[in-house]
1. Need the failing condition index for residue A:82 against (1) of a type outside the set (Val, Ile, Thr); (2) more than 20 Å from residue A:15 (Cα to Cα); (3) surrounded by fewer than 18 Cβ atoms within 10 Å (Cβ to Cβ), just the number.
2. Any residue that is of a type in the set (A, V, I, L, M), outside the structural domain of residue B:135 (by TED's automatic domain parsing) and over 23 Å from residue B:300 (Cα atoms) - is there at least one of those in the range B:81-99?
3. Which of the numbered conditions does residue B:99 fail, given that it passes all the others? Conditions: (1) more than 25 Å from residue A:234 (Cα to Cα); (2) in contact with a strand residue (DSSP E or B) (Cβ under 9 Å, 6 or more places away or on another chain); (3) small (Gly, Ala, Ser); (4) within 14 Å of chain A (Cβ to nearest Cβ).
4. Could you list, in sequence order, the residues of the range A:243-256 that are more than 8 Å from chain B (Cβ to nearest Cβ) and either within 12 Å of residue B:254 (Cβ to Cβ) or loosely packed, with under 13 Cβ neighbours inside 10 Å (or both)?
5. I'd like to check something: does the range A:205-226 contain any residue that is modelled with pLDDT under 90, among the acidic types (Asp, Glu) and surrounded by fewer than 23 Cβ atoms within 10 Å (Cβ to Cβ)?
6. Taking the options B:203, B:215, name whichever one is in contact (Cβ under 8 Å) with a residue 24 or more places away in the chain, more than 9 Å from every other protein chain (Cβ to nearest Cβ) and touching a Ser or Thr at 6+ places or on another chain (Cβ under 6 Å).
7. Using the structure shown, decide if residue A:127 is within 14 Å of another protein chain (Cβ to nearest Cβ) and either in contact with a Phe, Trp or Tyr (Cβ under 7 Å, 6 or more places away or on another chain) or more than 23 Å from residue A:219 (Cα to Cα) (or both).
8. Just name the residue that is modelled with the lowest pLDDT out of those in the range A:82-103 that are under 16 Å from the mean Cα position of the chain (by Cα) and of a type in the set (Val, Ile, Thr).
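The values are calculated or read from the model by the stated rules, or taken from the named source; none is laboratory data. Source: prediction; values computed, not measured. When we count neighbours, we look across all protein chains shown, and the Cβ atoms used for this are built from the backbone with ideal geometry, even at glycine.
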There are 2 protein chains.
Amino acid sequence: MGGDHGPHVIVPSAVDYLRQDSEVNIILVGISDAIESELHAIKAEMGPRLRLHAASEVVGMDESPALALRNKKDSSMRVAINLVKNGEAQACISAGNTGALLATSRFVLKTIPGIDRPALAVILPTITGHTYMLDLGANVDCSAEHLLQFGVMGASLVSSVEDKALPSVGLLNIGEEEIKGNEIVKQAAELLRNSGLNFYGNVEGNDIYKGTTDVVVCDGFVGNVTLKTSEGLAQMLATYLREEFQRNLFTKFAGIFAKPVINAFKNRVDHRQYNGASLLGLRGIVIKSHGSADNYAFCSAIKRAVDEARGGMLRRISERVAELSYHSKPSPRETVK
Amino acid sequence: MGGDHGPHVIVPSAVDYLRQDSEVNIILVGISDAIESELHAIKAEMGPRLRLHAASEVVGMDESPALALRNKKDSSMRVAINLVKNGEAQACISAGNTGALLATSRFVLKTIPGIDRPALAVILPTITGHTYMLDLGANVDCSAEHLLQFGVMGASLVSSVEDKALPSVGLLNIGEEEIKGNEIVKQAAELLRNSGLNFYGNVEGNDIYKGTTDVVVCDGFVGNVTLKTSEGLAQMLATYLREEFQRNLFTKFAGIFAKPVINAFKNRVDHRQYNGASLLGLRGIVIKSHGSADNYAFCSAIKRAVDEARGGMLRRISERVAELSYHSKPSPRETVK
């Protein structure tokens, strides 16, 4: 029900996705009338692969997450997350209120043992491929241990959805010799170094899009600012490019010739293919789609959920966290010695 | 003497700059032989507007700032900063070791009363013009008071070099409702709101390149990561664009037509015109040029120094900080009441 377009985008996306992937079934959760009328509009029907699960309430996009959690027990978001908890669904995808999705997922699903806080991870394009970055805003103040756990979750995510047994993990930091990072980041580097992960070491801002590592770890404040700055810069450059091609008759003429090339370029950087932030660290798969997602973008988010479920991501996180405790803490027996 | 190219770029840049601006005199500080041979190579001569001030040592680009400060009392950097301290020069420009420049400037010049820590400010392009952002890495852990002081310094910088009496100041933060920023940023917003500055409020990462405010304030960790991420993203997009134009015969042909447009676009985003980070908060003007600066970029850095000196930046910072103490602290008399 959430996002800028609600069922109007989500219902057709679900129908499209089912055509692409014959192994997946989808449960549409929300106000029955709204969902049915969208299905009717695109001449699609419910069936064994596409079910409707009614929910009587909707969390507003600007609603307080705390209030949504307390008062809207039958919201589409809450009901969908319950389906994951009960094992009826392997993942939940929402384009709704991010804060409410975080709070509700955490409350209903709980975190995996050894994980203190869930984190939001996104996939970003790089010069050579793509990279995964977390946290993107779920946690503002992070301890070194949290950053370590983000590393574990990020590495597990990459292992699940890509064919990489030991993905490289970089810790986002700054470069100046005298001032390399604050205390928390320094401690986190130490923890990551002894974690059994494939820890690359510190990376700087420019390493993200260079693709230096498979995973980039940072706190949610830095991650959120970095991501939004990137959006802003990309928009500015796109505006400049458009303006230059619109400048005069000659540039417009050049624009006609360059159009297929510019379009190929645009497709390559099209953020819709990267839609879907993974909420990691919970006992269930939850994907947050951008609120403004269109059909293509929402299908990317569904695909992300399916890939994580297929790749056994939850099991991988649990296993790596368990290894971590083995690495970082001496066993009781050793302590006794 | 510093940077990737030393006098080979700096000396010709100085000579070029003097041709552009008849009111400015330049003192070249460093190893006499090296400077003289560069002057000789471009058939330029010393004179009343271009002097040489010898210094026998050079701070290495990877040298420890603390050691440089302690042991190299006759480094070109130290001697140049001394000239500012003694009033023989109105500003110092260096392409050298950033950490050493920060440490030496702070030690020699001291901070302006009311400013606890110097900050690095850069100018960035926006959709509508440009914006100034600080801190860019001089301070990793900042208190709310430091962020307030950065706001004061940034506003004073803009007032000095642009025709804006009350530049707008934004505080970089994240947007999610439940998690709007850490405690320090929240406190800083409160301080900025009562500062007498034209405080816009919180801004998000995408506001930087949108040009929402004249000044964007953040701690040095976030600022450094943001700036380097922007560099990385711009490089990635440039690579993609080049690759698309190189893809086949047709795209190469389109590239020939589009070349003037792409060049105009490149000139518009050419980071060399933004070269020169201002080290603010000291009792003297210090500009850090990028180490890789070429002639054009280094001239931008010189121009930045000249603009700050002409605009009376130091006086403006002092005045605004003084007003600040008036705003934020009750006078002794009031305290007595």
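1. For residue A:82, the exception is condition (3).
2. Step one: filter the range B:81-99 for residues of a type in the set (A, V, I, L, M), giving B:81, B:83-84, B:89, B:91, B:93, B:95.
Okay, now just the ones that are also outside the structural domain of residue B:135 (by TED's automatic domain parsing), so B:81, B:83-84, B:89, B:91, B:93, B:95.
Now narrow it down to the ones that are over 23 Å from residue B:300 (Cα atoms): none.
No.
3. Only one criterion in (1) more than 25 Å from residue A:234 (Cα to Cα); (2) in contact with a strand residue (DSSP E or B) (Cβ under 9 Å, 6 or more places away or on another chain); (3) small (Gly, Ala, Ser); (4) within 14 Å of chain A (Cβ to nearest Cβ) is unmet by residue B:99, namely (2).
4. Here is the first cut: in the range A:243-256, the residues more than 8 Å from chain B (Cβ to nearest Cβ) are A:243, A:246, A:248-249, A:252, A:256.
Scanning the range A:243-256 gives A:246, A:248, A:249, A:252, A:256.
5. In the first step, residues of the range A:205-226 are kept if they are modelled with pLDDT under 90; the result is none.
No; the residues of the range A:205-226 include none that is modelled with pLDDT under 90, among the acidic types (Asp, Glu) and surrounded by fewer than 23 Cβ atoms within 10 Å (Cβ to Cβ).
6. On the way: B:215 fails: touching a Ser or Thr at 6+ places or on another chain (Cβ under 6 Å).
Answer to the check: B:203.
7. The answer is yes for residue A:127.
8. Taking the candidates together, the pick is A:98.
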